[in-house]
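Just below is one structure, and these are the notes that go with it.
Every read-out reported here was derived from the displayed coordinates using simple, explicitly stated rules and does not represent laboratory data. Nothing here was measured: the structure is a model prediction, and the numbers come from that model. Note that we place each Cβ from the backbone using ideal geometry, even for glycine, and neighbour counts take in every protein chain shown.
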Amino acid sequence: MYWEKDLETLDRKELERRQLEQINWTIRQARNSSFYSGLKINRIDSLEAIQDLPLTTKEDLRNQFPYGFLAVDRERVIRLHSSSGTTGKPTVVFHTREDIDRWQNLIARSMYAVGVRKNDVFQNIMGYGLFTGGIGFHYGAELLGVMTIPIGPGNSKRQIWFLKHLRTSVVHILPSYALRLYTFFDELNIDPKKDLNLKIALIGAEPHSNEIRKKIEELYGIKAYNSYGLSEMCGPGVAFECTQQAGLHVWEDHFYPEIIDPDSMQVLPEGEEGELVLTTLSREAMPIIRYRTRDLTSLIPGNCPCGRTHRRISRIKGRNDDMLIINGVNIFPIQIERTVMAIPEIGNNYLIEIRKKDYMDKLLLKVEVNEQVFQGTLSELEKLQRKIIVELREELDLTPEVKLVESASLPVSDGKAKRVYDFR
Ligand code: DLL
């Protein structure tokens, strides 16, 4: 059940003692970089005192491109990754051999926690390259000792061919792609529940609601576990759901989590929602202190029945820069997703468009519906459309326009899903 029982179930007092020690090590290590060389604080005496250290932002990483955060000799760096941002200067992250070893160990730990074992067949459907999803899991899976198929995303028919003939039991996949892939099975006359050996999907890298997770579980007849991470910390392997599926354990022996109010920057107590701030505890090449992830979540109070003592965060609600303001009302795209995906007639994809019309913001939701529903009568479709509008009005406090479209007709990408188009 545990990859490293002693570390995963470490007594909290001891875990916190080690965290304090590691934060002080991180401060010393970070001072070797030009960005942190002027850090005023040498050490802290309690975990609470971490609040005295300054926050670090994505902007800082950008401004220091390429080497401003590097804290070791360049010769010790064996790998670079870059974050998925599509605009502006990229942010780059460096790793020493030991950083990579620790990272792959955390992936192995995460996979083991949800039941992946050596006798599984693992199809890694995440992108390889600068993105951390593919390569990150690849080395972790190999460390665990599971046969790994480095197929990457795309070419859905070939994916399915491998799934079927190699008897793949575990996939690592973007939740949006898991839903799109499903639309290809019919054509190939394959029933994913009967004709495949699939048991587990590891899903992450983009916000997704519990409704989307349930949908993936039901369509494929499997368990889907949420995996969270970001390139700045390493990539995937920062926080992972255990089989309880009740929040994601932050691997606290390597990352120190805080939740802050994004306006006042004050640290919030457990249970309150805010922005996740992370400090690396063991990174050599690129230690980062109090990094503002922009991801909104909360620390879940109480112990997890799985026995792990590392605290859990709740499912990511979105990034605080994702929030839409529609005629003064604050909306997160995930609220729309939760509402529509709970309606059984709804298919596997949706898209949100926002426009200005007569000085007012208009929200248009295009949503795919199941094949049978789409072939149904006009009045059935109108009834469904009204139902979606009513449910969204209740959730959002505004009346959207809704357009029902055919299954697999909305645009998709090989990478993270882009579902919001703001034309204002
Ligand atoms: O997406 C790392 C990753 C790869 C995580 C594979 C999980 C699986 P970046 O490309 O740097 O790294 O993007 C990080 O993606 O700050 C979140 O906004 C979002 N994100 C990642 N995982 C989740 C998740 C990888 N499980 C950014 N739920 C993060 C919601 C997620 N959002």
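To the nearest ten degrees, helix 156-165 and the longest principal axis of the Cα atoms of the chain are 80 degrees apart. Ellipsoid fit via the Cα gyration tensor, region 122-268: semi-axes of 29, 17, 13 Å, each the root of five times an eigenvalue, largest first. Adding -39500 (n - 2.57) for every DSSP H run of four residues or longer, then dividing by how many residues the chain holds, sets the calculated 222 nm ellipticity at -9000 deg cm²/dmol.
Each of the peptides 382-389, 337-344, 23-30 was scored by the mean count of other Cβ atoms within 10 Å over its residues; in descending order, highest first, they stand as 23-30, 337-344, 382-389. Over all other residues within a Cβ to Cβ distance under 11 Å of Leu10, the charged ones net out to -2, with Lys and Arg as +1 and Asp and Glu as -1. Where does helix 97-113 land angle-wise versus the long Cα axis of the chain, in degrees 0 to 90, nearest 10? Result, in degrees: 50. Note on Lys89: aspartates and glutamates with a C-alpha under 14 Å away, same-chain residues under 8 apart excluded, are Glu59, Asp60. Counting only lysines at least 8 places from Lys194 when in the same chain, those with an alpha carbon closer than 25 Å to its own are Lys118, Lys157, Lys164, Lys214, Lys215, Lys223. Taking label points 7 Å from Cα along the Cα-to-Cβ direction, Glu401 and Asn155 give a separation of 4.1 nm.
When the square roots of the Cα gyration tensor eigenvalues are ordered a ≥ b ≥ c, the ratio a/c for region 211-343 is 1.5 or more and a/b does not exceed b/c, which makes its shape oblate.
The simple spin-label model puts a point 7 Å past each Cα toward its Cβ; for Arg424 and Asp322 those points are separated by 1.8 nm. Taking Lys and Arg as +1 and Asp and Glu as -1, the other residues whose beta-carbon sits under 12 Å from that of Leu166 total +2. The gain in end-to-end length when the Gln375 to Thr243 segment is fully stretched comes to 43.6 nm, 0.36 nm per residue minus the alpha carbon separation. Candidate cross-link partners of Lys366 among the aspartates and glutamates, defined by an alpha-carbon separation under 13 Å and a same-chain spacing of 8 or more, comprise Glu337, Glu353, Glu401, Glu406.
Each peptide among 302-314, 233-245 gets the average number of other Cβ atoms lying within 10 Å of its residues, and from highest to lowest they stand as 233-245, 302-314.
Specify the angular offset, from 0 to 90 degrees and rounded to the nearest 10, of the alpha carbon long axis of helix 132-144 from the longest principal axis of the alpha carbons in the chain. So the helix axis and the longest Cα principal axis differ by about 70 degrees. Modelled label positions at Arg18 and Ser264, each set 7 Å beyond Cα in the direction of Cβ, lie 3.4 nm from each other. You can think of it this way: the chain between Asn42 and Ser82 has 11.4 nm of extra reach, that is 0.36 nm per residue less the Cα-Cα gap. Under 1.5 on a/c is rounded, so check that first for region 1-320, then, if it is not, pick prolate when a/b is larger than b/c and oblate when it is not; a ≥ b ≥ c are the square roots of the alpha carbon gyration tensor eigenvalues. Since a/c reaches 1.5 and a/b is larger than b/c, the shape of region 1-320 is classed as prolate.
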